[in-house]
Structure formats: C-alpha cells, structure tokens
Amino acid sequence: MSKLVKADGSSLEQYIGRQCRKPSGHGNTSQPKPFKSGLKVNTIKGVIVHPYIGEPAFTFVEDDSFVRCSRCLIIEE
C-alpha cells in the first residue's frame, strides 16, 4: 500500500524522480486533482521558484506545468 507524505522541508531536491499527486481539495484525499497532462500522478523533474508567488514549485517530466511544493503529496511505496 502506498503512503502519501506532504512535500516540505529544506531539501526539496530529495523528491526529484519520485511520483506525486495533488489533493482534490475540500479534505478529499481519495480522488486526486489531475495535472495539466491530464494524469493524476506525475514524476518530479526539478524544483524552481514559482514565477507568480515566489514559493518553491515542482516541475514535471510528463508536462510543462509547475505546482507549489506545499500542495503536492509525495507517493511513498
């Protein structure tokens, strides 16, 4: 069974290569919100500074989107 952990900490680069998903909101953790690619799970490619809000954000292998690290749930096996 997979376990979800919140992406936080000073070394966000440790999550590169791992898979993550976004919560759907409203406390619902069973149905993840899709990424720009349409997939519900993406692979983290890198960490950037979000161009609009100035917080750390993940970039992804599957598409050219970026999402705040604090919104992502890391999938641990």
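FYI, it's all coordinate maths here, none of it is from the lab. Please read these numbers as outputs of a predicted model, since none were measured by experiment. Neighbour counts run over all protein chains shown; Cβ positions are idealised from the backbone, glycine included.
Quick notes on this structure:
- Taking the range 3-75 and dividing mean pair separation by its residue count, relative contact order in percent (alpha carbons under 8 Å, at least six apart): 39
- Taken about its Cα centre, the chain carries a charge dipole of about 260 debye when Lys and Arg each add +1 at the Cβ and Asp and Glu each add -1 at the Cβ.
- Length available on full extension from SER24 to ILE53: 0.36 nm per residue minus the Cα-Cα distance, which gives 8.4 nm.
- Taking the chain as a Gaussian network of alpha-carbon nodes connected by springs under 10 Å, the highest mean-square fluctuation of the residues SER11, SER65, SER37 belongs to SER11.
- Translational diffusion coefficient (Stokes-Einstein; Kirkwood radius from C-alpha pairs) of the chain at 25 °C, 0.890 mPa s, in µm²/s: 197
- Cut-off under 5 Å, modelled amide H: who pairs with HIS50 long-range: GLU55, ALA57
- In this simple spin-label approximation, SER70 and THR43 carry label points 7 Å from Cα along the Cα→Cβ vector, and these lie 2.9 nm apart.
- Isolated cysteines of the chain, defined as having no other cysteine beta carbon under 4.7 Å away, are CYS69.
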